[in-house]
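Novice: Please read through the structure below; I'll follow up with questions.
The values are calculated or read from the model by the stated rules, or taken from the named source; none is laboratory data. Please read all numbers here as calculations on a predicted model, not as lab measurements. For neighbour counting, all protein chains shown are included, and Cβ atoms are generated from backbone atoms with ideal geometry for every residue, glycine included. Areas reflect the complete protein model, heavy atoms only, side chains present, ligands, DNA and RNA absent. Shrake-Rupley method; radii C 1.70, N 1.55, O 1.52, S 1.80 Å.
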Amino acid sequence: MSWYHWTLLSAFFVFLICSGWQLFQIIRRRTRDYSPPRGKRVNALIYAFTTAMLPLNKESASHHLPSYVAGIIFHLGTFVGFFWLIIHFFSIPVMKETRSASIMLLIVASIFGLILFVKRLFNVNLRAISQPDDYFSNLLVTAFQIVSAAALCYPWLIRWLFLCAALVFLYMPISKLQHALYFFSTRIFLSQFFGKRGVWQFRR
Amino acid sequence: MIIKTNSTSNINLALERLKQRLDGQLLSYLYSCVRCGLCGESCHYYLATRDPRCLPANQVAQIARIYRRYFTWVGRLLPGWVGAHDLDEPAIAEMVDVVFGGCTLCGRCTVHCSVGLDIPLLVRTARSLLVELKKISPGLQSSVDAAMRTGNNMAIPREDLVDTLLWLAQDLQMEVADEAATIPLDKEGAAMLYTINPREAKFFPLSISAIAKIFYAAELDWTISTRTYDVTNYAYFSGDDEAARKLVQRLYDETLALGAQTLVMAECGHGFRAMRWEGPNWLKRPYPFEVKSIIEILADLVRDGRIALDPSVNSEPVTLHDPCNLVRCGGIIEEHRFVIRQAVSQFIEMTPNRANNYCCGGGGGQLAMGEYRLRRIEAGRIKAEQIRATNAKIVVTPCHNCIDQIMELNQQYQLGVKVKTFAEIVADALVLKATKHHRPIDRQQ
């Protein structure tokens with residue numbers, strides 16, 4: 001393994017330790033709910049991660065469809081970036097068509113990332129609630145997607161992708177990017193709340 | 001760390017309070033807000049004002065920035081980078097204005113948040129810090145103090161309550177023409193202990209009469225305690241967990257003392273939520289009795305055929321306002337719809353409704369905080385528009401805070417509707433039948 005492999009691996013290890021600690025805190029500090037249930041929590045859990053996220057059931061999505069779509073594609077791009085990071089790290093052979101489709105998606109995702117950045121910069125409401133961390137996190141992830149797309153075209157850029165990914169891993173536990181981890185625990189807690197009270201029930 | 005304020009001990013108490021409340025759920029929420037700003041249109045305050053300070057994300061920021069400053073090392077080293085902030089006088093003043101003056105804890109933003117933060121939990125946490133800082137709105141605090149001192153938030157003397165209930169019982173006997181009809185007081189071993197809102201005893205006694213009439217018709221074994229009867233828990237709104245726990249403990253003790261199997265919460269959204277959902281966690285034990293909303297009881301009575309309703313009596317178009325703490329945060333969603341469809345001829349739903357219904361603006365302790373009245377009325381415009389769009393002539397809602405707010409909106413926005421409690425509309429439609437215990441009153445006497 002080269003130095004940039006080791007850099008990425010070290011950063012990932014730091015990320016794992018920090019994230020593991022944060023997850024441990026959430027689990028350790030769980031409190032018991034003594035109120036008797038009225039609904040099924042498991043139904044609400046399914047609902048929370050499926051139809052509750054659709055624009056039909058969420059005004060933050062239905063009233064802001066362009067932002068919702070941009071956000072979805074931006075996040076999809078990040079997942080694709082991490083997928084290619086694994087592929088590059090372990091030198092796994094991948095079909096050419098997958099590579100081309102990924103380049104397209106990463107380019108579109110990074111454009112949406114930049115659009116969301118500009119929106120945050122110029123929208124009065126968003127600017128009022130934003131911190132430097134919000135802008136930097138957006139740019140960092142967008143940069144990761146751009147480098148990821150570039151590395152698919154020019155393999156010599158893979159080392160830069162690894163360095164960029166290392167920065168993402170190191171920055172994640174101390175910044176807004178933590179939501180990648182806490183999103184899931186938050187949805188679970190939310191489903192417990194509405195599920196136990198019988199408000200959210202999964203309906204096919 | 002240097003704390004830039006004079007009341008250092010209070011600040012430390014507030015931070016200690018935050019530390020105590022940092023369970024897994026709160027931690028998760030504190031880290032989850034991505035400040036996407038898409039929550040705004042789910043909030044009636046933001047919709048009415050378009051003020052970025054009213055964004056639910058800004059409510060989250062009020063507590064998140066304090067957490068970051070004192071409990072994360074990035075917030076300690078680079079506060080400006082992550083929006084961390086000292087708990088100093090300007091931050092406290094802003095927190096008071098935002099979390100008391102700009103939120104009713106209705107939870108609509110939670111349903112529509114991109115991530116799914118329980119924003120009222122965060123707002124209530126901020127309010128709990130303000131309890132330690134002695135920054136609770138005087139009106140709200142006086143309601144809590146009255147309940148703690150006298151056992152009810154309107155400080156009604158016990159003799160006055162007993163007089164009112166005896167008078168209502170006599171009235172009931174006349175109305176149903178049966179001298180056996182009564183409002184049982186402090187009856188040990190009754191199956192149900194019914195709570196009332198002190199506001200009913202003072203200003204809306206007819207809603208107690210309505211319930212007594214329904215219970216009489218259904219031949220229920222019930223009682224009202226003249227010692228501990230207050231359905232409300234304003235400490236839930238103020239964020240004072242200790243006071244809220246004590247108020248729950250009183251109802252818990254009284255239910256056990258009278259040996260009731262079911263504690264029935266009168267028409268009160270937050271009171272039901274506080275006792276049914278939050279209370280066991282404040283007491284740190286499950287109850288040995290059931291807690292039910294009066295809405296659930298009425299639905300059971302209709303479903304089981306214990307009472308009969310004649311919808312033709314209520315012929316005007318009726319709409320229903322869903323109290324947030326009873327419906328979205330309490331899980332009583334279909335019961336009142338089921339009953340109201342049996343009790344009225346024309347029922348028109350508001351849009352949106354159920355868990356998506358807009359708050360009327362009277363929750364969160366707003367009615368007790370006179371200093372935010374104009375903002376409350378402005379935020380209530382969303383509810384007023386909802387009501388107007390139904391073309392209904394009667395608005396029914398099973399919550400006295402909602403009743404008061406909608407009555408005020410009715411005047412302010414000239415809606416031209418009548419506002420009724422749930423019990424009133426059901427009692428109006430009640431079909432009385434002769435019971436086996438029926439002893440007619442000689443009206444000549």
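Novice: Here is a check on your reading of the model: is B:S207 open to solvent by less than 30 Å² (accessible area, probe 1.4 Å), in contact with a strand residue (DSSP E or B) (Cβ under 9 Å, 6 or more places away or on another chain), modelled with pLDDT under 95 and not basic (K, R)?
Specialist: yes
Novice: Another question, if that's okay. Looking at the stretch B:330-354, I want the residues that are more than 19 Å from A:N57 (Cα to Cα) and have a partner that is polar (S, T, N, Q) and in a helix (DSSP H, G or I) with Cβ atoms under 8 Å, at least 6 apart or on another chain. Which pairs are those?
Specialist: Cβ pairs passing all conditions: B:S345/B:S312; B:I348/B:T390.
Novice: Looking at B:A299, is it modelled with pLDDT of 95 or more and under 18 Å from the mean Cα position of the chain (by Cα)?
Specialist: no
Novice: Let me ask something else about it. Mind listing whichever residues of the stretch B:241-261 are open to solvent by less than 30 Å² (accessible area, probe 1.4 Å) and in contact with a helix residue (DSSP H, G or I) (Cβ under 8 Å, 6 or more places away or on another chain)?
Specialist: The answer is B:A243, B:A244, B:L247, B:V248, B:L251, B:Y252.
Novice: Could you check, for the stretch A:62-73, whether at least one of its residues is of a type in the set (V, I, T), in a helix (DSSP H, G or I) and closer than 21 Å to A:Y135 by Cβ?
Specialist: The answer is yes, given that some residue of the stretch A:62-73 is of a type in the set (V, I, T), in a helix (DSSP H, G or I) and closer than 21 Å to A:Y135 by Cβ.
Novice: Same structure again: Can you tell me which residues in the stretch B:384-401 are small (G, A, S) and outside any helix (DSSP H, G or I)?
Specialist: Correct list: B:A392 only.
Novice: Any residue in the stretch B:297-325 that's farther than 30 Å from B:G380 by Cβ: show its pairings with residues that are modelled with pLDDT under 95 and surrounded by fewer than 23 Cβ atoms within 10 Å (Cβ to Cβ) at Cβ separation under 8 Å, as long as the two are six or more apart or on different chains.
Specialist: The qualifying pairs are B:A308/B:K433.
Novice: Let me ask another. Filter the stretch B:357-384 down to residues that are touching a residue at least 24 places away in the same chain (Cβ under 8 Å), at negative phi and out of contact with any Asp or Glu (no Cβ under 8 Å at 6 or more places or on another chain), then give me how many there are.
Specialist: 18
Novice: Run down A:R127, A:R120, A:R159 and say which single residue is open to solvent by 40 Å² or more (accessible area, probe 1.4 Å), in contact with a Ser or Thr (Cβ under 8 Å, 6 or more places away or on another chain), basic (K, R) and part of a helix (DSSP H, G or I).
Specialist: Every option except A:R159 fails the conditions.
Novice: Just need a number here: residues in the stretch B:10-35 that are more than 7 Å from chain A (Cβ to nearest Cβ) and part of a loop (DSSP other than H, G, I, E, B).
Specialist: 1
Novice: Give the number of residues within the stretch B:296-346 that are of a type in the set (G, A, S), open to solvent by 10 Å² or more (accessible area, probe 1.4 Å) and assigned to a loop (DSSP other than H, G, I, E, B).
Specialist: Residues in the stretch B:296-346 being of a type in the set (G, A, S), open to solvent by 10 Å² or more (accessible area, probe 1.4 Å) and assigned to a loop (DSSP other than H, G, I, E, B): 3 in total.
Novice: Please name all residue pairs, on different chains or six or more residues apart, with Cβ atoms under 8 Å, provided the first residue is in the stretch A:10-30 and is within 14 Å of A:Q178 (Cα to Cα) and of a type in the set (G, A, S) and the second residue is open to solvent by less than 60 Å² (accessible area, probe 1.4 Å) and in a helix (DSSP H, G or I).
Specialist: A:S19/A:M172; A:S19/A:P173; A:S19/A:L181
Novice: Has the stretch B:210-218 got at least one residue that is out of contact with any Asp or Glu (no Cβ under 9 Å at 6 or more places or on another chain) and open to solvent by 10 Å² or more (accessible area, probe 1.4 Å)?
Specialist: Checked against the condition, which is being out of contact with any Asp or Glu (no Cβ under 9 Å at 6 or more places or on another chain) and open to solvent by 10 Å² or more (accessible area, probe 1.4 Å), the stretch B:210-218 yields at least one hit.
Novice: Can I ask one more? State the number of residues belonging to the stretch A:119-133 that are over 16 Å from A:L167 (Cα atoms) and either of a type in the set (V, I, T) or facing another protein chain (nearest Cβ under 8 Å) (or both).
Specialist: Residues flagged as over 16 Å from A:L167 (Cα atoms) and either of a type in the set (V, I, T) or facing another protein chain (nearest Cβ under 8 Å) (or both) within the stretch A:119-133 amount to 9.
Novice: Please enumerate the residues belonging to the stretch B:37-56 that are open to solvent by 10 Å² or more (accessible area, probe 1.4 Å) and within 7 Å of another protein chain (Cβ to nearest Cβ).
Specialist: Those that are open to solvent by 10 Å² or more (accessible area, probe 1.4 Å) and within 7 Å of another protein chain (Cβ to nearest Cβ): B:G37, B:L38, B:C39, B:E41, B:P52.
Novice: Determine whether the stretch A:53-61 contains at least one residue that is more than 11 Å from chain B (Cβ to nearest Cβ), out of contact with any Lys or Arg (no Cβ under 8 Å at 6 or more places or on another chain), assigned to a loop (DSSP other than H, G, I, E, B) and open to solvent by less than 90 Å² (accessible area, probe 1.4 Å).
Specialist: Scanning the stretch A:53-61 turns up at least one residue that is more than 11 Å from chain B (Cβ to nearest Cβ), out of contact with any Lys or Arg (no Cβ under 8 Å at 6 or more places or on another chain), assigned to a loop (DSSP other than H, G, I, E, B) and open to solvent by less than 90 Å² (accessible area, probe 1.4 Å).
Novice: Let me ask another. Inside the stretch B:140-185, can you point out the residues that are of a type in the set (G, A, S), under 24 Å from the mean Cα position of the chain (by Cα) and buried (at least 18 other Cβ atoms within 10 Å of the Cβ)?
Specialist: B:S143, B:A146, B:A147, B:G151
Novice: While we're on this one: Could you please find all residues in the stretch A:1-40 being in a helix (DSSP H, G or I), within 14 Å of chain B (Cβ to nearest Cβ) and surrounded by fewer than 16 Cβ atoms within 10 Å (Cβ to Cβ)?
Specialist: A:W21, A:F24, A:Q25, A:I27, A:R28
Novice: Shifting gears a bit: Quick check on the stretch B:66-76: of everything there that is of a type outside the set (G, A, S) and more than 9 Å from chain A (Cβ to nearest Cβ), which residue is farthest from B:R21 (Cα to Cα)?
Specialist: By that ranking, first place goes to B:R76.
Novice: Return the total of residues in the stretch B:402-429 being outside any helix (DSSP H, G or I) and open to solvent by 10 Å² or more (accessible area, probe 1.4 Å).
Specialist: Final tally of qualifying residues: 8.
Novice: For the stretch B:134-149, which residues satisfy the criterion of being in contact (Cβ under 8 Å) with a residue 60 or more places away in the chain and not in a helix (DSSP H, G or I)?
Specialist: Across the stretch B:134-149, the qualifying residues are B:K134, B:I136, B:S137.
Novice: Condition first: under 19 Å from A:R159 (Cα atoms) and open to solvent by 50 Å² or more (accessible area, probe 1.4 Å). Now tell me which residues in the stretch A:83-106 satisfy that.
Specialist: Matches in the stretch A:83-106: A:F83, A:I86, A:F90, A:S91, A:I92, A:P93, A:R99.
Novice: Assess whether A:F136 counts as being open to solvent by 40 Å² or more (accessible area, probe 1.4 Å), away from chain B (no Cβ under 11 Å), modelled with pLDDT of 95 or more and under 30 Å from B:N58 (Cβ atoms).
Specialist: No, not satisfied.
Novice: Among what's in the stretch A:172-190 and is open to solvent by less than 30 Å² (accessible area, probe 1.4 Å) and more than 8 Å from chain B (Cβ to nearest Cβ), pick the residue that is nearest to the chain's Cα centre (by Cα).
Specialist: My answer is A:L177.
Novice: Which of the residues that make up the stretch B:270-288 are open to solvent by less than 20 Å² (accessible area, probe 1.4 Å) and in contact with a Ser or Thr (Cβ under 9 Å, 6 or more places away or on another chain)?
Specialist: Answer for the stretch B:270-288, where residues must be open to solvent by less than 20 Å² (accessible area, probe 1.4 Å) and in contact with a Ser or Thr (Cβ under 9 Å, 6 or more places away or on another chain): B:H270, B:G271, B:F272, B:A274, B:M275, B:W277, B:G279, B:P280.
Novice: Of all residues being touching a strand residue (DSSP E or B) at 6+ places or on another chain (Cβ under 6 Å), of a type outside the set (F, W, Y) and buried (at least 20 other Cβ atoms within 10 Å of the Cβ) in the stretch B:186-204, which is nearest to B:V431 (Cα to Cα)? Just the residue, please.
Specialist: Among those that are touching a strand residue (DSSP E or B) at 6+ places or on another chain (Cβ under 6 Å), of a type outside the set (F, W, Y) and buried (at least 20 other Cβ atoms within 10 Å of the Cβ), it is B:M192.
Novice: Quick check on my filter: what residues within the stretch A:128-152 are among the hydrophobic types (A, V, I, L, M, F, W, C) and under 19 Å from the mean Cα position of the chain (by Cα)?
Specialist: Of everything in the stretch A:128-152, those that are among the hydrophobic types (A, V, I, L, M, F, W, C) and under 19 Å from the mean Cα position of the chain (by Cα) turn out to be A:F136, A:L139, A:L140, A:V141, A:A143, A:F144, A:I146, A:V147, A:A149.
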